[in-house]
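Structure first, then comments.
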Amino acid sequence: MLDIKSNAVEIPVAEATFDPYGRLLRMLMPSLRGVVVHDGYSNLVWASDDWDLSDEPQVINDAIANALSDAGEFPGIARTIDADRVVYSFAIRGEHIELLGIVSLVVRLSGTQIEPRPLQTVRQLVQPALECLRRELALRAKLGSSERDLNVKERDLELMMEISSNQAAASDADEFSQILKTGLDRMGCALAALWVPDKNISVSMTRSGTPMSAEALHRAQHHLTAWMQMQQRTIVINHISKVASDVAAPYKILACPIRHTSGRVMGVLALFNPPSAPDFDAQQTRVAEMLAKRSTSIIQAQYDTSTGLMTRQAFERHAGGLLAAAGASESHIILYLDIDRLHVINETFGMHVGDDVIVSVADRMAKTLPAQALSARISGDRLAALIPNSSMESASAIAEQIRAAAEGIVPRAGQGAFEVSVCLGVAPIGRSDNPLAHALATAEIACKAAKDRGRNRVEMFQDSDQSIIRRHTDIMVIGQLREALDSDGFRLDAQPILPLRGNYGRPRFELLIRMLGERGEMIPPGKFLSSAERYQLMPTIDRWVVRRACELLGEQSASVGEEFARFAINLSGQSLQDESFLGFVIDQLKSSGVPPSVLCFELTETATIGNLAKAQVFIRTLQELGCQFALDDFGTGVSSLAYLKDLSVNYIKIDGTFVRDAITNARSESMIKAIAQLAKVMCMETIAEYVETDVLRVRMADLGVDYGQGFAMGKAQRLEDLLQELAFYEATVSNWGGPDSPVERVITEH
């Protein structure tokens, strides 16, 4: 049928020099200062310039000894000769494991490169040149000659340089086409093709521009892939029987394997010539194998070794090329996938089981996606896909199929019992300066919204979805928030909390944080606290508030005694979870000199109940020092009254949702009155939030509430300004009794 012959062909060798290899090595490793070649018996064969290592014979002896004990590819050693010189010596073996020679690279350390590079890194850098040197030395050993055909060698080197320069100049989407074009130009072939079914790669190119028929090309791919799986080596077909045309295309064929990192054959690089063309020779075989290795290295760089999906960098490059070529009317969709609770699987059953889950999910996603889709492993357990020419509805249906397929994953025997589920976000690729990055971000937002809504579901990004809008806003703000934390870009304002009945109690102030924008404008907490909570930055912000408040109050400690004012600081539930936060607060009180009785810490009802045990310890410890506590937003949590008896707080702040409609809603009014009465029984004082009108202020007083906070009581002002006016407050507070009082006039002016 087909005459498959070995690619081992004798080649005449003429006088040879190692200069081209030296140039190639310097191109691959710019810090190289010299190259020395010895034969397998430590005899000097060639050296560049004056570097012959004659003063360091032990280096070559050590390299030879190491080669005898190390069976790896290009075994080597690294030796530091002096303070600024390192020698890397690599053994070159022949086909039958015999030692052909030692190649030594002399590297000088200078500038920023003060530490020698690891041996493995250097080996990877120069491996293409070592491959060429292996052929050179093998031919010398076989023919017993000291010379070789310079033209053959230079063509190899020029080809390698051409491939490297072409790949650097070409876009990543054209890398494989560039390799095929190089093969056609170098060897004068009629057709070149690259097939890697696992990666959905199928590229072909003809020299004449007239392609092989689709049927013949498909038949050639099928047979060559099958033959390559059996042969596991380069195949050269130069003689075609009459029956061959019934089985495969009537072409002379040179086919080289494309290998996976595991060594298995995953694809074929094939070159075709008509029967009348000259036979493929060893030179062409060598060129084809070099092109196949280059194709393999590109695939390894562009595809994740575990899942077989593209890397993020390759995905972005290929997607960018697809979008650049897309028409204005074409619609493309991004899917973003995140595996639910993978950390639980990792911690319970081991990281290797979690890795198997990622591979299984990636496999099901790849099999479910359309053939023209691009898919990638973005990071860890997060995958993404681009579906071209699709609608949101169609892409959502595909996402649902992926979700269902992932849900059907069953642990392998011995891995334990667990369930697998995923969340997917679906978003369109719109028109913007960076459409792919924007679409990935919006798809990720939709994916996280799916997690917020119960996991194991698909969510589409919709501009009208308030939850998604909030998450998108948080992502936009987080960078500005981190910058503000690094540059101290916040300020503290103080809003008065005043008694609702004349001469009852003393004024209090709540400290409110404000973020400063790029132009110095004030950004209210409602714009950035949601982002801080989502990205676990609240403990950092709370520490900034406590530290800054203690600094400013410490400077005015003589004027802010318990007899006059108290300042409330809001704390988050995340800070209560922080084991070191209590110690931080105590340290700040001691170092600043602020009397503990001046501070009142406000804890939200939800955060306190969610961390009840830690909250009780926190409250008790600081109350023993003299601090007070308020339970904020009371009435909005679950089972508020049941937990109140377990918390020894000093104040209850009635949530503003009840206060705002107390005039028109009898139920809200009744709840406020009941909370005020309960607080008195438990020896606590009450504070009404959002007292924004005089009518509400009077009504809160009638219902028995002790303090009010809101625009009707006073607006917030910079804490520094307030501290300068404390003496004035102290002189007038005792006369406070209504809207005409001095304190009321002073506060509302701010």
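The values are calculated or read from the model by the stated rules, or taken from the named source; none is laboratory data. Bear in mind the structure is a predicted one, so any value in this text is a computation, not a measurement. Quick reminder, even Gly has a Cβ in these numbers, built from the backbone with ideal geometry, and neighbours come from all protein chains shown. All accessible areas refer to the heavy atoms of the entire protein, side chains included, with ligands and DNA or RNA removed. Shrake-Rupley method; radii C 1.70, N 1.55, O 1.52, S 1.80 Å.
Worth a mention:
- Helices (runs of 4 or more DSSP H) fully within the stretch 598-696 counting 2 or more residues that are more than 25 Å from I569 (Cβ to Cβ) and out of contact with any Ser or Thr (no Cβ under 6 Å at 6 or more places or on another chain): 640-644, 666-681
- Residue count for the stretch 578-597, restricted to those that are part of a helix (DSSP H, G or I), touching a helix residue (DSSP H, G or I) at 6+ places or on another chain (Cβ under 9 Å) and closer than 21 Å to A630 by Cα: 9
- Checklist (1) touching a Ser or Thr at 6+ places or on another chain (Cβ under 9 Å); (2) at pLDDT 90 or above applied to N735, failing item: (2)
- Counted residues, the stretch 115-139 - those being touching a strand residue (DSSP E or B) at 6+ places or on another chain (Cβ under 7 Å), open to solvent by 30 Å² or more (accessible area, probe 1.4 Å) and either among the polar types (S, T, N, Q) or not in a loop (DSSP other than H, G, I, E, B) (or both): 4
- Subset tally (residues that are part of a loop (DSSP other than H, G, I, E, B) and modelled with pLDDT under 85) for the stretch 226-249: 5
- Count - residues of the stretch 406-425 that are under 21 Å from E459 (Cα atoms) and surrounded by fewer than 18 Cβ atoms within 10 Å (Cβ to Cβ): 4
- The lone exception for V420 - which of (1) modelled with pLDDT under 85; (2) touching an Asp or Glu at 6+ places or on another chain (Cβ under 8 Å) it fails: (1)
- With respect to the stated conditions, I92 is aliphatic (A, V, I, L, M) and in contact with a helix residue (DSSP H, G or I) (Cβ under 7 Å, 6 or more places away or on another chain).
- Residue check, R155 at pLDDT 85 or above, over 38 Å from the mean Cα position of the chain (by Cα) and not in a loop (DSSP other than H, G, I, E, B): no
- Matching option when the condition is buried (at least 20 other Cβ atoms within 10 Å of the Cβ) and modelled with pLDDT of 90 or more, among L582, L625, L589: L589
- Subset of the stretch 24-63 [open to solvent by 30 Å² or more (accessible area, probe 1.4 Å), closer than 12 Å to A91 by Cβ and either touching a Gly at 6+ places or on another chain (Cβ under 7 Å) or assigned to a strand (DSSP E or B) (or both)]: D39
- For I497, the conditions (1) closer than 27 Å to G583 by Cβ; (2) buried (at least 16 other Cβ atoms within 10 Å of the Cβ); (3) at pLDDT 75 or above all hold with the exception of (1).
- Qualifying positions in the stretch 252-265 - more than 13 Å from Q229 (Cβ to Cβ) and either aliphatic (A, V, I, L, M) or surrounded by 23 or more Cβ atoms within 10 Å (Cβ to Cβ) (or both): I253, L254, C256
- Among the residues of the stretch 367-416, those identified as of a type in the set (D, E, K, R), part of a helix (DSSP H, G or I) and out of contact with any Cys (no Cβ under 9 Å at 6 or more places or on another chain) are K367, E393, E400, E407.
- Failed criterion for I201 (all others in (1) under 26 Å from A325 (Cα atoms); (2) at pLDDT below 55; (3) open to solvent by less than 20 Å² (accessible area, probe 1.4 Å); (4) not basic (K, R) hold): (2)
- Any hit, the stretch 536-543, residues being among the hydrophobic types (A, V, I, L, M, F, W, C), more than 27 Å from T686 (Cβ to Cβ) and part of a helix (DSSP H, G or I): yes
- Here the stretch 69-96 is the region considered, the condition is being over 40 Å from the mean Cα position of the chain (by Cα) and free of Cβ contacts under 8 Å to residues at least 24 places away in the same chain, and the residue that is least open to solvent (accessible area, probe 1.4 Å) is D82.
- Within the stretch 384-395, not a single residue is open to solvent by 50 Å² or more (accessible area, probe 1.4 Å), closer than 30 Å to A138 by Cα and more than 21 Å from the chain's Cα centre (by Cα).
- Contact annotation: residue pairs with Cβ atoms under 7 Å, 6 or more positions apart or on different chains, pairing a residue in the stretch 566-584 that is more than 13 Å from T540 (Cβ to Cβ) with a partner that is open to solvent by less than 40 Å² (accessible area, probe 1.4 Å) and assigned to a loop (DSSP other than H, G, I, E, B), are G573/N611; L576/N611; Q577/N611.
- Residue check for A701: surrounded by 20 or more Cβ atoms within 10 Å (Cβ to Cβ) and touching a residue at least 40 places away in the same chain (Cβ under 8 Å): no
- Here the stretch 500-513 is the region considered, the condition is being of a type outside the set (G, A, S) and open to solvent by 30 Å² or more (accessible area, probe 1.4 Å), and the residue that is modelled with the highest pLDDT is L512.
- Residue check for A532: assigned to a helix (DSSP H, G or I), over 28 Å from Y707 (Cα atoms) and aliphatic (A, V, I, L, M): yes
- One residue stands out in the stretch 366-383 among those that are at pLDDT 90 or above and within 20 Å of the chain's Cα centre (by Cα): the one that is farthest from R457 (Cα to Cα), namely L374.
- Scan the stretch 317-362 for residues that are crowded, with 18+ Cβ neighbours inside 10 Å and not in a helix (DSSP H, G or I) and the total you get is 9.
- Complete set of residues in the stretch 565-577 that are aliphatic (A, V, I, L, M) and either part of a helix (DSSP H, G or I) or within 33 Å of the chain's Cα centre (by Cα) (or both): L571, L576
- Out of V681, V617, V598, one residue alone is hydrophobic (A, V, I, L, M, F, W, C), closer than 22 Å to A494 by Cα and either at pLDDT 85 or above or open to solvent by less than 10 Å² (accessible area, probe 1.4 Å) (or both). It is V598.
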